[in-house]
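Novice: First the structure, then my questions, so here it is.
The values are calculated or read from the model by the stated rules, or taken from the named source; none is laboratory data. Owing to the predicted nature of the structure, the values given are computational and were not obtained by experimental measurement. So basically every Cβ, Gly included, is an ideal-geometry build from the backbone, and we count neighbours across all protein chains shown. The area values use the complete protein model at the heavy-atom level, side chains included, leaving out ligands, DNA and RNA. Shrake-Rupley method; radii C 1.70, N 1.55, O 1.52, S 1.80 Å.
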Amino acid sequence: MRLFLALEPPPALRARLGALADLAQAQCGGRRVPDESLHLTLAFLGEVETARAEALIEWLQGESHEGGEWRLDRWGTFRRPGIVWVGGSTPDPALGALQARLWDGLEALGHAGRPTRFVPHVTLLRRARQLSVEALAPVELTWRWRRLTLLRSFTLQDGPRYEVLARSA
């Protein structure tokens with residue numbers, strides 16, 4: 001199973017992110033991420049065997065976090081895959097600390113792959129034809145987060161889809 005840990009936006013924020021995705025698509029083209037798939041990836045685990053996935057589920061269900069608030073105020077792009085995203089203009093210490101704690105726990109469970117750099121973002125478009133985001137309306141959103149989600153990724157003809165396997169306490 002192809003797995004990752006993420007934060008999922010609450011419904012009202014998900015709708016606002018979806019509206020931003022519509023604006024970005026009108027400007028940049030590309031494939032829009034469906035509203036139900038919008039998220040912030042904290043730890044990508046790749047292919048995980050069933051027994052290890054079951055251990056991850058048990059571990060995550062025992063985890064709890066104080067939560068925090070993330071300010072999204074910036075458009076961004078990743079050139080090579082043609083990604084258009086929204087995120088924060090300044091590093092968020094709480095998200096950085098959460099991501100580091102998660103990787104500490106994941107490594108204790110035998111998972112490798114901790115990234116050397118963490119750029120918190122929500123992908124809105126894939127394969128954008130134009131990566132000029134300067135003309136897009138300013139972003140000013142607040143995401144209050146607390147629970148983590150373990151998601152399974154699978155690819156359909158029209159792009160990736162996600163299945164919730166577990167949530168933190």
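Novice: Let me know the shape class of the range 48-106, please: from the alpha-carbon gyration tensor, a ≥ b ≥ c as square roots of the eigenvalues, rounded when a/c is under 1.5, otherwise prolate if a/b is greater than b/c, or oblate.
Specialist: Here the range 48-106 falls in the oblate category.
Novice: Right, another one. Multiplying the sequence separation of residue 57 and residue 23 by 0.36 nm and subtracting their Cα-Cα distance, what value in nm do you get? It would help to have the intermediate numbers written out before the result.
Specialist: Numbers: separation 34, 0.36 × 34 = 12.24 nm, distance 3.61 nm.
Result for the pair: 8.6 nm of gain on full extension.
Novice: Along the Cα-to-C-beta direction of residue 163, a point sits 7 Å from the Cα; which residues of the range 1-25 have their amide N less than 20 Å from that point?
Specialist: 1-8, by backbone N distance to the label point.
Novice: Measure out, as a whole number of angstrom, how far apart the alpha-carbon centroids of the range 19-60 and the range 64-102 sit.
Specialist: Each part's Cα centre sits 13 Å from the other's.
Novice: Name the residue farthest towards the positive end of the dipole of the chain from the options 1, 133, 150, assuming +1 on Cβ of Lys and Arg, -1 on Cβ of Asp and Glu, about the Cα centre.
Specialist: Going by the charge dipole, the pick is 133.
Novice: Related question: Name the residues whose placed amide hydrogens come within less than 5 Å of the amide hydrogen of residue 33, ignoring near sequence neighbours (fewer than 5 apart) on the same chain.
Specialist: For residue 33, the qualifying residues are 125, 126.
Novice: Quantify, in whole percent, the carbon and sulfur part of the accessible surface of the range 79-169 (1.4 Å probe; protein heavy atoms only).
Specialist: So the carbon and sulfur contribution to the accessible surface is 49 percent.
Novice: Let me ask something else about it. Tell me, in nm to one decimal, what length is gained between residue 49 and residue 144 on full extension, where the rule is 0.36 nm per residue of separation less the Cα-Cα distance?
Specialist: Residue separation times 0.36 nm, minus the Cα-Cα distance, leaves 31.0 nm.
Novice: Residue by residue through the range 107-113, what is 3J(HN,Hα) from phi via Karplus (6.51 cos²θ - 1.76 cosθ + 1.60, θ = phi - 60°)? Round to whole Hz and write x for glycine and proline.
Specialist: Result, rounded to whole Hz: 5, 5, 8, x, 8, 10, x.
Novice: For the chain, what's the relative contact order in percent, using C-alpha pairs closer than 8 Å and at least 6 residues apart? Write down the numbers at each step before the final one.
Specialist: Numbers: 317 pairs, mean separation 62.9, N = 169.
Computed value for the chain: 37 percent relative contact order.
Novice: Ok, one more. Kindly report the accessible area of the range 60-123 per residue (heavy atoms of protein chains, probe 1.4 Å, no ligands, DNA or RNA), in Å².
Specialist: Spelled out: the 1.4 Å probe surface of the range 60-123, per residue, equals 55 Å².
Novice: Based on the Cβ-Cβ distance from residue 130 to residue 100, what FRET efficiency comes out when R0 is 25 Å, to the nearest 0.05?
Specialist: Values: r = 35 Å, r/R0 = 1.39.
After rounding, the FRET efficiency stands at 0.10.
Novice: Can you show me the helix-derived [θ] at 222 nm for the chain, built from DSSP H runs with n ≥ 4 at -39,500 (n - 2.57) apiece and divided by the number of residues, rounded to the nearest 500.
Specialist: -9000 deg cm²/dmol
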